[in-house]
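J.: Would you mind keeping the following structure in view while I ask a few things?
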Amino acid sequence: MPPRGVKKGSKRARQYEKVKKSVKGQGKSEGTAEEIAARVVNKERARSGESRERSRTSVKDKSSGQRGGERSGTKGPKGRTKDQLLNEARKMNISGRSTMNKSQLQRAVDRKKK
């Protein structure tokens, strides 16, 4: 089922089904495929101004197609952007985050998660 706000038969609904089918073809579960497809569609809707709300990372970051799996859930270190790290640090109430560089943010966030 496509995300809310996407009409049946629309370009975004077709995009959702295509991405979902592709992810399932890579051996992912139905639920994971639906989640990834919804995220891709929502990001594209935000980038093109089709949604009411959008995050800065959705608009200024690479599109899902360009990114092509970079920073996706691999076992190695996740290549999160500085904006993503700042958002995580904000949610975790890490003090001094505004003066930290990317590597300091990553260490602080990873330390707080443990």
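Here, each number is a calculation from the coordinates, and none is a lab measurement. In this text the structure is predicted, and so the values were computed from the model without any measurement. So basically every Cβ, Gly included, is an ideal-geometry build from the backbone, and we count neighbours across all protein chains shown.
J.: Using only the alpha-carbon atoms of region 1-51 as identical scatterers, what base-10 log of I(q)/I(0) does the Debye formula give at q = 0.19, 0.20, 0.21, 0.32 Å⁻¹?
T.: Evaluating at q = 0.19, 0.20, 0.21, 0.32 Å⁻¹ gives log10 I(q)/I(0) of -0.54, -0.60, -0.65, -1.22.
J.: If packing is taken as the average count of other Cβ atoms within 10 Å, what order do 12-25, 97-110, 37-50 fall into, highest mean first? Show your work: numbers first, answer last.
T.: Numbers: 12-25: 16.3, 97-110: 14.6, 37-50: 18.6.
Answer by packing, highest mean first, reads 37-50, 12-25, 97-110.
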